[in-house]
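See structure below.
The values are calculated or read from the model by the stated rules, or taken from the named source; none is laboratory data. Worth saying up front: this structure is predicted, and the values here are computed from it rather than measured. Using ideal geometry, Cβ is built from the backbone for each residue, glycine included, and neighbour counts are taken over all protein chains shown.
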Amino acid sequence: MASKNTAASEKTKPLTFTHYASIVGGWLVPGLGHLFLKKHGRAGIIFVVINFLFFFGIFGLDGRLYSTEPGNPISAFAALGQKGVGSPYFIIKIISMMKNDTNNSPQSYYEIESQQAFAAGDPASPYYEYGITFTVSAGLLNLLLLFDIYDIAKGKKK
Amino acid sequence: MKFSHFELMIIFALSISAIIAIITKEGTREQFRYFLIFFASLIGIAIVIAWLMYPFPSSH
């Protein structure tokens, strides 16, 4: 038993600052964590795929960004899923907040539409639900990749 | 741009398969093999389920 524990502790490495930075970086920018751990190929694929899923869901399929809505507890899970994608979520959120600035109130229906189309999506679009699925999936996959970064950092995986 | 349900399903399956292959397997060759198997499984299972649901009446 003792020899088994010793063997297991020999296989896993203690986490250093770089490893913690990889995990946080991997959340903030998809692929950055793997880049820190010198997994360049994986980092490139992750960056392209996760960002593609998220931005295609928002701009290509008219999906929306979720935030926790009062009276709709399920929205908290969707919001958490989307926040898993890291900085792309917050970039879109900040830009949409700047566009919806109350000092810059819309003068016409078209201005309201252009403001809402950015982060609130277009519920009338036939692709609206697909867009939400793509963006939430991007976030959840990025969260899943954090476990992969942890395993690589600990030496459990190459 | 207009997309069919099937086209969107292929795009989604490609993306999911790429990430799952990276997470679960080690080595480029093994990852690529798993990517193909996972992608084919996602599309194949979706087609089988759609075919099984075909006799059921739709609400439209």
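Among the residues of the range A:143-155, write down those that are buried (at least 16 other Cβ atoms within 10 Å of the Cβ) and either facing chain B (nearest Cβ under 9 Å) or among the hydroxyl-bearing types (Ser, Thr, Tyr) (or both).
Passing the criteria: A:LEU145, A:ASP148, A:TYR150.
Which members of the range A:21-47 meet the condition of being more than 9 Å from every other protein chain (Cβ to nearest Cβ) and among the aliphatic types (A, V, I, L, M)?
A:ALA21, A:ILE23, A:VAL24, A:LEU28, A:VAL29, A:LEU32, A:LEU35, A:LEU37, A:ALA43
Out of the residues in the range A:33-49 that are in contact with a Ser or Thr (Cβ under 8 Å, 6 or more places away or on another chain), hydrophobic (A, V, I, L, M, F, W, C) and in a helix (DSSP H, G or I), state the one that is farthest from B:MET1 (Cα to Cα).
By that ranking, first place goes to A:PHE36.
Within the range A:50-64, identify whether any single residue is more than 12 Å from chain B (Cβ to nearest Cβ), charged (D, E, K, R) and surrounded by fewer than 16 Cβ atoms within 10 Å (Cβ to Cβ), and answer yes or no.
No: the range A:50-64 contains no residue that is more than 12 Å from chain B (Cβ to nearest Cβ), charged (D, E, K, R) and surrounded by fewer than 16 Cβ atoms within 10 Å (Cβ to Cβ).
Mind listing whichever residues of the range B:2-49 are over 13 Å from the mean Cα position of the chain (by Cα) and either of a type in the set (Val, Ile, Thr) or over 22 Å from A:TYR150 (Cα atoms) (or both)?
Within the range B:2-49, B:LYS2, B:PHE3, B:SER4, B:ILE22, B:ILE23, B:THR24, B:THR28, B:ARG29, B:PHE32, B:ARG33 qualify.
Tally the residues that are touching a helix residue (DSSP H, G or I) at 6+ places or on another chain (Cβ under 7 Å) and without any contact (Cβ under 8 Å) to a residue 60 or more places away in the chain, restricting the search to the range A:56-67.
Summing the residues that are touching a helix residue (DSSP H, G or I) at 6+ places or on another chain (Cβ under 7 Å) and without any contact (Cβ under 8 Å) to a residue 60 or more places away in the chain in the range A:56-67 gives 1.
Here is a yes/no grid of residues against (1) modelled with pLDDT of 95 or more; (2) of a type outside the set (Val, Ile, Thr):
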site: B:PHE3; (1), (2): no, yes
site: B:THR24; (1), (2): no, no
site: B:LEU36; (1), (2): yes, yes
site: B:PRO55; (1), (2): no, yes
site: B:SER58; (1), (2): no, yes
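Under the condition of being facing chain A (nearest Cβ under 9 Å) and among the hydrophobic types (A, V, I, L, M, F, W, C), which residue from the range B:22-55 is surrounded by the fewest Cβ atoms within 10 Å (Cβ to Cβ)?
Step by step, filter the range B:22-55, then rank; the result is B:ILE23.
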